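Here's the structure we're looking at; comments come further down.
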Amino acid sequence: MSLIEDAVTVACSGELCLPRAEEIRDTLLAALDQAQPVVIDLSQATEIDLSTVQLILAARLSAERRGLSLWLTSPADGPLAATLLAAGLTGSPLSTDSQFRTEGK
């Protein structure tokens, strides 16, 4: 169930790393192609590398160009926070932009 009415929810789980980059990209593009807001749920991710961070940021830009919204279901924590910290990206939109995420209810 989506946290935002009429949104497409992309639930990502497991290791979100370079070997799965093409799959993740295709999933995000398919969600954007539905011309609805997109919500990305990373709560079941066990590992996230920079390729996934790059794909999420690219998806956000693509959504903006299409006039769509794209959010994370929660603030950057767990594997995403660890990757952002290791890469020195703790001030990135993924970790600080409240408009880049929606609060779970």
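Yes or no, residue by residue, for (1) farther than 19 Å from Leu84 by Cα; (2) acidic (Asp, Glu):
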residue	(1), (2)
Asp6	yes, yes
Leu29	yes, no
Pro37	yes, no
Ile40	no, no
Gln44	no, no
Original post:
Take the residues of the range 61-105 that are part of a loop (DSSP other than H, G, I, E, B) and of a type in the set (A, V, I, L, M, F, W, C): which is modelled with the lowest pLDDT?
Top reply: Ala76
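The values are calculated or read from the model by the stated rules, or taken from the named source; none is laboratory data. These numbers were taken from a predicted model, which means no experiment stands behind them.
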